[in-house]
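Undergrad: Please read through the structure below; I'll follow up with questions.
The values are calculated or read from the model by the stated rules, or taken from the named source; none is laboratory data. Keep in mind that this is a model prediction, so the values were computed, not measured. Please note: Cβ atoms are built from the backbone with ideal geometry, for glycine as well, and neighbour counts cover all protein chains shown.
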Amino acid sequence: MDKRFMVILAVVVLGLGGIFFIGKNKTDSSSTSGSNTVGTTSSHTEGNTASKVNLTVYGDFQCPVCGKFYPVEKQVVDTYKQDISFTFMHFPLESIHPNARAAARAAEAAGLQGKFFEMHNLLYVNQSGWSNSGDVLGVFTGYATQLGLDAAKFKTDFASETVNNTINADLKNGNGKGVNGTPTYYLNGKKLSNGDIGTYEKFSAVIKAEIDKNK
């Protein structure tokens, strides 16, 4: 059976603690939005790149759970940015999020002008505004202009095979690790459970413990 049809999405937000279950979708490196060629992984990283502690997330910009959890993720990264590095990897679940690959392309195109995380932030903050748009390129080009990017270059890079192949490489990397939903977090290579990241306090405690262990 085509893995694109093996889709289970469970988005459950419980109580004030904000515990959620990650929607699952086994995807592959193929895409209806470009070639199946795999390039080099993106590995966009911010924070203290010399740190012994790395937090990596496999994310989908159109994923509702990723959007809801983004403020917690950002708070954690901002709190510990001097002590950890934070890496974003693309994992667009295209079978259930039709604009996810386009959003990943927008972030990659912005990254080629040095503004990956700035676009990353805009995509999550404005998720409800573009998720169902019939003209996502127009919306994303507006974001690029807002960020002071060269709009013409942004559009060219957005449509490029290089950008598409980078996204494919991230998907292949995630599949190789057994990623089957978003957001999926790894702390120094160890996959974190929902219980580790359900609230800022829990996520922070896990991060701090890893920092202390690596001093």
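Undergrad: Are any residues in region 147-181 closer than 24 Å to V53 by Cα and either touching a His at 6+ places or on another chain (Cβ under 9 Å) or assigned to a helix (DSSP H, G or I) (or both), and if so, which ones? Explain how you work it out, then say what you get.
TA: Initial filter on region 147-181 (closer than 24 Å to V53 by Cα): 169-181.
The answer is A169, D170, L171, K172, N173, G174, N175, G176.
Undergrad: Which numbered condition trips up L137, out of (1) of a type outside the set (S, T, Y); (2) in a helix (DSSP H, G or I); (3) surrounded by fewer than 23 Cβ atoms within 10 Å (Cβ to Cβ); (4) touching a Gly at 6+ places or on another chain (Cβ under 9 Å)?
TA: The one condition L137 does not meet is (4).
Undergrad: Here is a further query. Just give me the residues in region 148-165 being of a type in the set (S, T, N, Q) and over 12 Å from A106 (Cα atoms), in sequence order. Walk me through how you get there before you give the answer.
TA: Initially, region 148-165 is screened for residues of a type in the set (S, T, N, Q), giving 156, 160, 162, 164-165.
Matches in region 148-165: T162, N165.
Undergrad: Hey, any hits in region 128-144 for a residue that's in contact (Cβ under 8 Å) with a residue 40 or more places away in the chain and out of contact with any helix residue (DSSP H, G or I) (no Cβ under 7 Å at 6 or more places or on another chain)?
TA: yes
Undergrad: Here's a follow-up. Report whether or not E94 is surrounded by 18 or more Cβ atoms within 10 Å (Cβ to Cβ) and at pLDDT 55 or above. Step through it out loud before you land on a result.
TA: Details: surrounded by 18 or more Cβ atoms within 10 Å (Cβ to Cβ): yes; at pLDDT 55 or above: yes.
Answer is yes for this residue.
Undergrad: Out of curiosity, is N54 under 15 Å from T184 (Cβ atoms), surrounded by fewer than 20 Cβ atoms within 10 Å (Cβ to Cβ) and not charged (D, E, K, R)?
TA: For N54, the condition - under 15 Å from T184 (Cβ atoms), surrounded by fewer than 20 Cβ atoms within 10 Å (Cβ to Cβ) and not charged (D, E, K, R) - is met.
Undergrad: Still on this structure, please answer the following. Is it true that F61 is out of contact with any Ser or Thr (no Cβ under 6 Å at 6 or more places or on another chain), part of a loop (DSSP other than H, G, I, E, B), buried (at least 19 other Cβ atoms within 10 Å of the Cβ) and of a type in the set (A, V, I, L, M, F, W, C)?
TA: In short, yes.
Undergrad: Since N99 meets every condition but one in (1) out of contact with any helix residue (DSSP H, G or I) (no Cβ under 7 Å at 6 or more places or on another chain); (2) of a type in the set (S, T, N, Q); (3) without any contact (Cβ under 8 Å) to a residue 40 or more places away in the chain; (4) closer than 23 Å to V65 by Cα, which condition does it not meet?
TA: Among (1) out of contact with any helix residue (DSSP H, G or I) (no Cβ under 7 Å at 6 or more places or on another chain); (2) of a type in the set (S, T, N, Q); (3) without any contact (Cβ under 8 Å) to a residue 40 or more places away in the chain; (4) closer than 23 Å to V65 by Cα, N99 violates only (1).
Here is a yes/no grid of residues against (1) modelled with pLDDT under 95; (2) assigned to a loop (DSSP other than H, G, I, E, B); (3) among the aromatic types (F, W, Y):
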site: V12; (1), (2), (3): yes, yes, no
site: T45; (1), (2), (3): no, no, no
site: K52; (1), (2), (3): no, yes, no
site: V57; (1), (2), (3): no, no, no
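Undergrad: For region 117-130, name all the residues that are over 12 Å from A144 (Cβ atoms) and either assigned to a helix (DSSP H, G or I) or under 14 Å from the mean Cα position of the chain (by Cα) (or both).
TA: At the first step, the residues of region 117-130 found to be over 12 Å from A144 (Cβ atoms) are 117, 120-121, 124-130.
Scanning region 117-130 gives F117, H120, N121, Y124, V125, Q127, S128, G129, W130.
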